[in-house]
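Undergrad: Structure below; questions to follow.
The values are calculated or read from the model by the stated rules, or taken from the named source; none is laboratory data. Fair warning: this is a prediction, and the values are worked out from it, not measured in the lab. Note: ideal-geometry Cβ built from the backbone for every residue, glycine included; neighbour counts use all protein chains shown. We work out accessible area using only protein heavy atoms, side chains counted, and drop any ligands, DNA or RNA first. Shrake-Rupley method; radii C 1.70, N 1.55, O 1.52, S 1.80 Å.
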Amino acid sequence: GYVGRGYQCHFQFLHGKWRSDEYSWKADGNRSKGNLSIFASHMIDMARWNFGEIVRVSAHLGVYVERAGIAGQALEPANDATLLLAEFASGMQGVIQSSSVAHIGDRGNELNIRVYGEAGTLESDVIFGGGEAGAQIRGVRQGEESIKPLPVPARLQGNWDPLNYMEPFARQSVGPRLFVDAILEDRDLEPDFYDGLKVQEVIDAAVESHERGVWMAVSELGN
């Protein structure tokens, strides 16, 4: 209830690991959907998980680095940067931006989230390396004057160092380990393959939007 009815959200994920012009299958259009599918997909998933179904998108997929193909052959480039406008079923507006060619120095990767709603605003920033490494959540509610840091509840944080963003993956049942544990324990899990399908539908609509230069509706399951 901190944000209440959502108005707008902004998800941004940045790194510069694709600034090299060397060949990579991730940037090969015959093998990959590029930044959109490899990195922006996580932002799409996070946005949908928190704010419901995305029903329309308008996408611009950028190619900024000219890369070599295999054995000197011409390369059909995949996008190395994504800019996606999203409309949610609730009417909420979203911006999803992801870049694999952003020079951010020793930060390594950077994640920024902004959520604006009827009851308040939330901001989250995660820096993955360098002297600024760490995570912070800030917020301000209707009627308050100043945005202030918000503590992560102990029940969510667990017994790991919040400055070590990889520690939960090594010490807790999360990510791929959670998936394997659910198989071993024969239990249902969320998110599941349906959630993956819904993200893929947004990706497909984004590719078509970019190619046609129009807003595209996200297909319903089974269409």
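Undergrad: Report the calculated FRET efficiency for residue 160 and residue 90 (r = Cβ-Cβ distance, R0 = 35 Å), to the nearest 0.05.
TA: 0.60
Undergrad: How far, in nm, would the chain grow between residue 186 and residue 174 when pulled straight, counting 0.36 nm per residue and subtracting the alpha carbon separation?
TA: The residue 186-residue 174 span can extend by a further 2.7 nm.
Undergrad: 7 Å from Cα along Cα→Cβ at both residue 53 and residue 116: what's the point-to-point distance in nm?
TA: Each label point lies 7 Å from its Cα, and together they span 2.7 nm.
Undergrad: Have a look at 172, 11, 124 and report the one farthest towards the positive end of the charge dipole of the chain, computed about the Cα centre with Cβ charges (Lys/Arg +1, Asp/Glu -1).
TA: Farthest along the dipole direction, towards plus: 124.
Undergrad: Which sequence of 15, 103 reflects their accessible areas, 1.4 Å probe, from the largest down?
TA: If we order 15, 103 from most to least accessible, we get 103, 15.
Undergrad: Can you sort 46, 216 by solvent-accessible area, 1.4 Å probe, largest first? Mind dumping the intermediate values first?
TA: On the way: 46 60, 216 30 Å².
Largest accessible area first, the list is 46, 216.
Undergrad: Moving to a separate point now. Using a 1.4 angstrom probe on the protein heavy atoms only, could you order 54, 70 from most to least accessible area?
TA: 70, 54
Undergrad: So, for segment 1-145, what is the accessible surface per residue at a probe of 1.4 Å, expressed in square angstrom?
TA: Counting only protein heavy atoms, the per-residue value for segment 1-145 is 51 Å².
Undergrad: Let me ask another. Using only Cα atoms, find the angle between the long axis of helix 175-184 and the longest principal axis of the chain, and express it within 0 to 90 degrees, rounded to the nearest 10.
TA: 80
Undergrad: Once a ≥ b ≥ c are taken as the square roots of the eigenvalues of the Cα gyration tensor of segment 82-206, is the result rounded (a/c under 1.5), prolate (a/b larger than b/c) or oblate (a/b not larger than b/c)?
TA: Note, shape of segment 82-206 comes out rounded.
Undergrad: Next question, about the same structure. Using a 10 angstrom cutoff on alpha carbons, build the Gaussian network for the chain and name the most mobile of 195, 45, 161.
TA: Comparing 195, 45, 161 in the GNM, the peak value goes to 161.
Undergrad: In addition: For the chain, set up a Gaussian network in which alpha carbons nearer than 10 Å are linked by springs, and say which option among 99, 146, 90 fluctuates the most.
TA: Looking only at 99, 146, 90, the biggest GNM fluctuation is shown by 146.
Undergrad: Specify the angular offset, from 0 to 90 degrees and rounded to the nearest 10, of the alpha carbon long axis of helix 41-51 from the longest principal axis of the alpha carbons in the chain.
TA: Approximately 30 degrees, to the nearest ten.
Undergrad: Residue 209: accessible area at probe 1.4 Å, nearest 10 Å²?
TA: Counting only protein heavy atoms, the figure is 0 Å².
Undergrad: Of the listed values (1) 16.9, 54; (2) 17.8, 54; (3) 18.8, 62, grab the one calculated as Rg and Dmax of the Cα atoms in Å from the structure here.
TA: (3)
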